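The values are calculated or read from the model by the stated rules, or taken from the named source; none is laboratory data. As the structure is a computational prediction, the values presented were derived from the model and not from experiment. Here the Cβ is made from the backbone with ideal geometry for all residues, glycine too, and neighbour counts use every protein chain on show.
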Amino acid sequence: MNKAALEKKYTPEMPRKEIDELRSTIKAASQRVIAENIERMKKADPHRPEAMKYFDDIADLFGQRQKEIQAEKEKGKKVIGYMCLFAPTELILAADAIPVRVNSGWYDTSKLGDRVVPVEVCPVLRSTIGAKMIELSPFLEQSDALISVLTCDGMTKLSEILSDYKPIWGMNIPRVKDSTQSLRFWKDEIKHMKTQIEKFTGNKITRKKLKEAIETSHRATKAFRRLQDLRKGPPVIMGRDAMLVNQAYVWDDKKRWTEKTEALCDELEKRLERKDWVCPPDTPRVLVTGTPMFWPDNWKLPTLVEEANPRGIIVADEQCSGERILNDPIGVDEWSMDDMLNAIGERYLMASTCPCFTSQDGNEDRINWLLNKVKEWNVQGVIYYVVRGCMLYAMEYTRVKKALDKINVPIYYLDTEYTREDVGQMKTRVEAFLEMLTARVDF
Amino acid sequence: MDWQLIGDILRLTVLAGLGIAGILAVLIWKKNLATKVTFLRLVIQAVAFAALFYFFTFSIPLLYVLIGLFVVTLFLGRFYCGWVCPFGLIMDLESMLRKALKKRYRIIPDRLNRALHKSRYAIFLFFMLTPIALWLLDPPQNFDFAVMMARLLAGPFRPYSVLIDPMIPNVVPWTGQLIINDINFSYAYAQDIIAFMGENIGQIFLLAFVTVTLIGGFFIRRVWCRFCPTGASLGVINRFKAFKWAPLLHIYKDEEKCTKCGVCKRVCPLQVNEVYDQKGGKIETSQCMVCARCVEMCPYEGTLQLKLGNKSTFTSRNWLEPSKSE
């Protein structure tokens, strides 16, 4: 390696032995955490749907899905990773490549990330850097290129740091989302990404293939919405289960995921007929919004809420690790290449409620969407979850609180870190909030 | 022209219109496309085409048609433009042809589009005021009401024809005055242009108009509807404060459910931005022709509604079915 390249490197050189040691210990710990989380999810719901078994298997990041991707890779398929949800996965699918999301949820690797960036930085990024340093995340290792959409400041710099290892394609996203010029700009970015993906994979994205990819994601959205609608009534599925199902979409095979989710919905519909609730229907219904929670480690809040005393149930979330993945379909008017690309561009830019945007009225969409969710899902309390260092979500809290105060729905700001140490303290806080909600329900 | 032939054409066209409508209706019923407004709209357009054809061959006094049109507009907004107008049907068919050929459509820049929408009023006023101006230049000696009306309606620019022209010449092909090799070409405004400009210049202008609207209609969705003086005259009714209640048929938007995904803006054949821009509630614009394409395509359940009075007739829903229909 020449000197210039060495100087450019962000991450410190680590001896091979240390990397391997760290990886094996953290991997073992992580597998334990996955198993434990799933065990607790199973225990929480005595009549857990059969179809969840598939998602339990797929949730093992080091298991089945990793091997599948490896096998596909050996056949010559490319894997393209992405960090933010704005990466046009339909284009990746249409080019016969596999899209995977590579954000990391490991607590332990965030400490390794501290060697590169200061602790004040958002732990999601630190954890991703750490995972790359010890080559932990299977999907990050397998991806041949990364699409990094420059949303928040952290993501922008993260792409620079990861460029030590992989080719990174930055996508410039406009910050004002509802103006004509930003839409024009973003559509150009999408078109550029299309040529880039074509060049990289060597497969041409044809009209037919793109149409097929869009229809695949339509079907996935349909299944997802069916699941969401089932959560509107009395609880038939634990919030954690549904969140896991949603999140599995980012690394699973899209068609198989759709099938399995439909099967899950069939089962839940039967359950609805039997009136077999997972918990008493008067359990406080909670919505979680804020920083994304990534499987496997960062699962503490949903676990706490649903195992607390008194218990709560998560009926909806507004997070980019949850419902934002699939909520918006691509509205194609005419199935010409041009219109499909326009539709993809609009879906990723305009429909998103990510707080990295602003608009003439100040990201009103997110608040409107939250209010709508609170109404439609009969939410009784909102937990605003923020990890330290996540500026965007933290700063939007005041506005969200004001809007929710108007309709008299309590909101609770919960800030935390990528660590297990504050679980006890968080438990007290969550339980106090849930107790207050229960009192309100009784009242 | 031979009455026998006219009769044959009449019967055939009415039959064809009804037949197309019938086929579409069966398709809707068979394929469970009841949610597809686009199909319903085509059925109504085909039926209306047949009906208009039938009516016009009996030369109903145009005044009645006009009155009927205004009453419909008062209650239903520009329903006529979106669901009945045969000229609109021609442009819709062109769009369908373009879709079948997998060609993309062009977009008129927003500012130009708004200017075109404003220019409708200028065209409208020009057509309406010219006969009055001509009349004033040459005032009649005798102020008999019947004579005055006759002059007004028979002048070089017949004001009423501005209002119904997109309807008649398309429907009744033999009234066109552009004859090439004994074939009558008929088109909107043909009679007016020729009556005003004389045969030769008129034909040139007419040809230009036909090319512009036919070719333009292929690349730009509903191109003429953006300048159509008929549309202006219909839209203007809903602009008066006194008629705020008037378009009983209108599009309603639920502010909270909307995520501003922009689908409504993109699918609109007239590039109307108000549905997207307005905060919520009743959409107030004289440009919208309530074709309900936005309602059909809106991906959030219950966000956009086509309301008749206070009753919602058609609501946006999850349209996420596989795209069999297109």
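Note on the range A:113-124: residues that are surrounded by 23 or more Cβ atoms within 10 Å (Cβ to Cβ) and touching a residue at least 60 places away in the same chain (Cβ under 8 Å) amount to 3.
Okay, residues lined up against (1) over 15 Å from A:Ser182 (Cα atoms); (2) touching a residue at least 60 places away in the same chain (Cβ under 8 Å); (3) in contact with a Phe, Trp or Tyr (Cβ under 7 Å, 6 or more places away or on another chain); (4) aliphatic (A, V, I, L, M):
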position: A:Asp333; (1), (2), (3), (4): yes, no, no, no
position: A:Ser336; (1), (2), (3), (4): yes, yes, no, no
position: A:Gly345; (1), (2), (3), (4): no, yes, yes, no
position: A:Pro355; (1), (2), (3), (4): yes, no, yes, no
position: A:Ser359; (1), (2), (3), (4): no, yes, no, no
position: A:Leu370; (1), (2), (3), (4): yes, yes, no, yes
position: A:Gln380; (1), (2), (3), (4): yes, yes, no, no
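Answer yes if at least one residue in the range A:129-138 is within 23 Å of A:Leu392 (Cα to Cα), in a helix (DSSP H, G or I) and small (Gly, Ala, Ser), and no otherwise. Looking for residues that are within 23 Å of A:Leu392 (Cα to Cα), in a helix (DSSP H, G or I) and small (Gly, Ala, Ser), one finds at least one in the range A:129-138, hence yes. Whether a residue is within 14 Å of another protein chain (Cβ to nearest Cβ) and either over 29 Å from B:Tyr276 (Cβ atoms) or assigned to a helix (DSSP H, G or I) (or both) was assessed, and A:Ser217 passes this test. In the range A:125-174, the qualifying residues are those that are crowded, with 23+ Cβ neighbours inside 10 Å and of a type in the set (D, E, K, R), and the one that is farthest from A:Ala97 (Cα to Cα) is A:Arg126. Of all the residues in the range A:344-367, those that are at the interface with another protein chain (Cβ under 7 Å from one of its Cβ atoms) and either farther than 24 Å from A:Met391 by Cα or surrounded by fewer than 22 Cβ atoms within 10 Å (Cβ to Cβ) (or both) number 2.
Regarding A:Leu272, is this residue over 19 Å from A:Ala432 (Cβ atoms) and either touching a Cys at 6+ places or on another chain (Cβ under 6 Å) or hydrophobic (A, V, I, L, M, F, W, C) (or both)? So A:Leu272 passes the test. Among the conditions (1) closer than 30 Å to A:Cys122 by Cα; (2) touching a Cys at 6+ places or on another chain (Cβ under 6 Å), A:Phe185 misses just one, which is (2).
Check off (1) surrounded by fewer than 18 Cβ atoms within 10 Å (Cβ to Cβ); (2) modelled with pLDDT of 90 or more for A:Thr180 and give me the number that stays unchecked. Of (1) surrounded by fewer than 18 Cβ atoms within 10 Å (Cβ to Cβ); (2) modelled with pLDDT of 90 or more, only one is false for A:Thr180: (2). Counted as qualifying within the range B:39-132 are the helices (runs of 4 or more DSSP H) with 1 or more residues that are without any contact (Cβ under 8 Å) to a residue 40 or more places away in the chain and not polar (S, T, N, Q), namely B:62-76, B:86-100.
If you go through the range A:368-415 and pick out every residue that is over 21 Å from A:Pro235 (Cα atoms), within 14 Å of chain B (Cβ to nearest Cβ) and charged (D, E, K, R), you end up with 1. Taken together, the residues in the range A:378-432 that are among the aliphatic types (A, V, I, L, M) and assigned to a helix (DSSP H, G or I) amount to 11.
What about A:Asp333, is it at the interface with another protein chain (Cβ under 9 Å from one of its Cβ atoms), more than 14 Å from A:Glu215 (Cα to Cα) and surrounded by fewer than 21 Cβ atoms within 10 Å (Cβ to Cβ)? For A:Asp333, the condition - at the interface with another protein chain (Cβ under 9 Å from one of its Cβ atoms), more than 14 Å from A:Glu215 (Cα to Cα) and surrounded by fewer than 21 Cβ atoms within 10 Å (Cβ to Cβ) - is not met. If you go through the range A:320-362 and keep only what is assigned to a helix (DSSP H, G or I) and of a type in the set (Val, Ile, Thr), you end up with A:Ile325, A:Ile344. A:Glu259 falls short on exactly one of the conditions (1) among the acidic types (Asp, Glu); (2) more than 23 Å from A:Glu36 (Cβ to Cβ); (3) in contact (Cβ under 8 Å) with a residue 60 or more places away in the chain, and that condition is (3).
Only one entry of A:Asp297, A:Asp317 meets the criterion of being more than 8 Å from every other protein chain (Cβ to nearest Cβ) and either more than 24 Å from the chain's Cα centre (by Cα) or part of a loop (DSSP other than H, G, I, E, B) (or both), and that entry is A:Asp297. If you check A:Val441 against the conditions, is it in a helix (DSSP H, G or I), in contact (Cβ under 8 Å) with a residue 40 or more places away in the chain and surrounded by fewer than 18 Cβ atoms within 10 Å (Cβ to Cβ)? Here the answer is yes, as A:Val441 does meet what is asked.
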